[in-house]
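Please read the structure below before turning to the comments.
The values are calculated or read from the model by the stated rules, or taken from the named source; none is laboratory data. Note that the structure is predicted; figures quoted are calculated from it, not measured. Positions of Cβ are backbone-derived with ideal geometry, glycine not excepted, and every protein chain shown enters the neighbour counts.
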Amino acid sequence: MAAEDKDDTNDPGMVNDDGMYHQKEPLNFEKVWQMFQETDKKFQETERILQRAFRKIGGLGNNIGEF
């Protein structure tokens, strides 16, 4: 990873070259709960993006069917 790509100021841990996750601090309930909430937000955003993409793909199929 290039130095300019690395921004671990808010990262509670990191993945080393061996591919293993190494935690900087011990986890507690609040930290785990926050990670779940952040993951949920990312899943929701991904779902919105996929729904928009499926609407465009569906529109293309309808247009091609009209030929």
remark   = Scanning segment 22-37 residue by residue, those among the acidic types (Asp, Glu) and in a loop (DSSP other than H, G, I, E, B) turn out to be 25
message = Residue under question is residue 14, and the condition is that it be of a type in the set (A, V, I, L, M, F, W, C), touching a strand residue (DSSP E or B) at 6+ places or on another chain (Cβ under 7 Å) and modelled with pLDDT of 65 or more; does it hold?
response = yes
